[in-house]
Amino acid sequence: MTAYLLKRIIIAALTLVLASMVVFAVMEILPGDPARLMLGMNASADQIEVLRNQMGLNAPLVLRYLHWAAGLLSLDFGRSYTYSVPVVDLVRERIAVSLPLALIALALSTIIAIPVGVFSASRQGRAGDTLAMGAAQLGVAVPNFWFALMLIYLFAVWLHLVPAGGFPGWSAGIWAALKSLLLPAVALALPQAAILARVARSALIEVLNEDYIRTARAKGLPYRAVLWRHALRNAMIPVLTILGLQFAFLLAGTIIIENVFYLPGLGRLIFQAITQRDLIVVESIVMLLVTAVILINLLVDFSYAIVDPRLRAIPGKVRSGFPSGIAPKQILRAVQRFRETRNRSRGRQ
Amino acid sequence: MTMRIDLPEETIAGVLAKAFGNRSFLIGLAITLLVVAVALLSFVWTPYDVTKLVIADKTQAPSWAHWFGTDHFGRDILSMIMVGARNSIAVALVAVGIGMGIGVPLGAFAAARGGLADEALMRVNDLVFAFPALLSAIMITAIFGPGAVNAIIAIGIFNIPVFARVTRAGALAIWPREFILAARAAGKGLTRITVEHILPNIATLLLVQGTIQFALGILAEAGLSYVGLGAQPPMPSWGRMLFDAQTRMVTAPWMAIFPGMAIVITVLGLNLLGDGIADILDPKSRRRR
């Protein structure tokens, strides 16, 4: 187990370092001189030169990267060119909106998808299954920002139940804040729930065909107990994979949804920063989101080990067939292949 | 000479029979053909000229003259949706082309060589996957500026590791098979085996993934144009139309409803088509049914 986890941690760290290099390189080749931007068009070349020296922009590339990376590690992201405040303060304010939004959406999506998946799998091929999967098929096709617009139209414009947008801030009371996050969270969650429900269903159906399920039924366990205790647990690997992926999608999805609902989150900030060429804010947010995605993938890897004890026994090797970022179908297929090879190796022992 | 791991019943007639018995495939194909036909029709005919602004007709509700209503410049929504279909299809199609063109050779190479090349490719894949598609699209447009071409590049780059992974996983499953061993014994090189034996055998996998990425590409393009990073006005695009509709939800909801439905129907059609193809051609699903 330690070897497995250690390998995952090393890979995650390596990915993080490479990602930071990519982000740094991208920001380097972007046109626009931050010093000129801060001083305005009327600044003389000398003034700009002085500021460039002050900001360390004339140092060698490698030194600047190391300085920047060291800053990231100590949560010192630098100062925003346009707001003239530490980026970390700007970001902290915005995370207080984006992170709860993504978490609520993730929770909603799971709460909806798992029961629907279990329901469909246990009634495979019957009317209820067809109906639920038809709805899921439709849900996958709906762009979340359009769904958001429709929700606004229905619940804010027509029924006046919730505000159409904006965020009162957490200081206005938890209830008021949650209320304004509700529609955005639903808009983000439903399309994701559709994907998750499909994955949960296929994973469950696969597991329900296994011999040990028949054994459990044969020894007299009621169907419900077998379904929820034995089958669901074994179907969790693909579900967890998708959940991990979805969190990344949700974080990125908040960028668009925040613009629909005028929420002052990271997404609004990154767009403002792009139009104002406030590169240090852009690169900080990008690094933040990328770090979040990498950490979550690492967490998913850890949870595999918790859910499936066999991963603990066979270090490293079995994970190699797992894709961590492709469409559900391929993941399911990979899991199938993984199971087949595993069964084969078990037979040999 | 190409070898396939076919089952005896997989003849053209057999596949066709299965295709016509598959509801998901038929509905998906019908919708996809309809969308493509509408996009092609828009080159020669649309109910109204989408470049002409008729301010007198602005934000009119759906009527017999304007089935889907008009926008804030008096342009016919139906005509704009028809022209917008071109943009969506073109962006998604080229993005899939980029993804396949670069991803498939990379994945096939990694599977054929294994070892260090394989490991390096997978790490680069991890790296690209660490950037959510929208985020890399934002970075790319921050460098090159917004526009349809840059949207294609952004979505295409995200497609590369997807196809690389699918190709690698598919190829790895084929390499240990006996007919590959026979080909090696016959003295064929890695490249020749890949082209003649591996790729034909994973074509189904790639076709299905291609449909999925096509659908995702249409969603991504809509998202990018919605935030102003995709096709630029006056070129109509579905995402852009939704952006224009957003501030007019109270007075002109039809401006949002119809372009959104166009996206949903198109993506739904492609997803159904992909599911159908997978069901028809995948021997595994055949056994399970």
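Observations, loosely collected:
- The separation of region B:97-137 from region A:264-309, counted between C-alpha centres, amounts to 21 Å.
- Using a 1.4 angstrom probe on protein heavy atoms only, the contact between B and A buries about 4700 square angstrom of accessible area, both sides summed.
- Sulfur and carbon atoms: percent of accessible area, the protein assembly as shown [1.4 Å]: 68
- Sorted on the mean count of surrounding Cβ atoms within 10 Å across their residues, most packed first, peptides A:177-188, B:77-88, B:24-35 read B:77-88, A:177-188, B:24-35.
- For A:ASN58, the shell of other residues with beta-carbons less than 11 Å away shows a net charge of +1, using +1 for Lys and Arg and -1 for Asp and Glu.
- Exposed-loop-free span, longest in chain B, where GluC sites (Glu not before Pro) count as exposed if DSSP calls them loop and at most 16 other C-beta atoms lie within 10 Å: B:11-289
- Förster radius 30 Å - calculated FRET efficiency between A:ALA59 and A:THR82 (Cβ-Cβ, nearest 0.05): 0.85
- Helix B:115-130 axis, angle to chain B major axis (alpha carbon atoms, nearest 10°): 20
- Angstrom value of the Kirkwood radius, inverse mean 1/r, which spans all Cα pairs in the protein assembly as shown: 26.5
- For region A:40-141, the set of chymotrypsin sites (Phe, Trp or Tyr not before Pro) satisfying both a DSSP loop assignment and a count of at most 16 other C-beta atoms within 10 Å is given as A:TYR83.
- Directionally averaged projected area (convex hull, Cα atoms, region B:182-227), nm²: 4.1
- Accessible area per residue for the protein assembly as shown, computed on protein heavy atoms with a 1.4 Å probe, is 46 Å².
- Computed [θ] at 222 nm, deg cm²/dmol, the protein assembly as shown (DSSP H ≥ 4; -39,500 (n - 2.57); rounded to nearest 500): -24000 deg cm²/dmol
- Overall dimensions of chain B as given by Cα atoms, namely Rg and Dmax in Å: 22.3, 76
The values are calculated or read from the model by the stated rules, or taken from the named source; none is laboratory data. These numbers were taken from a predicted model, which means no experiment stands behind them. Here Cβ is always computed from backbone atoms with ideal geometry, including for glycine, and neighbour counts include all displayed protein chains. Heads up: the accessible areas ignore ligands, DNA and RNA and are worked out on the full protein's heavy atoms, side chains in. Shrake-Rupley method; radii C 1.70, N 1.55, O 1.52, S 1.80 Å.
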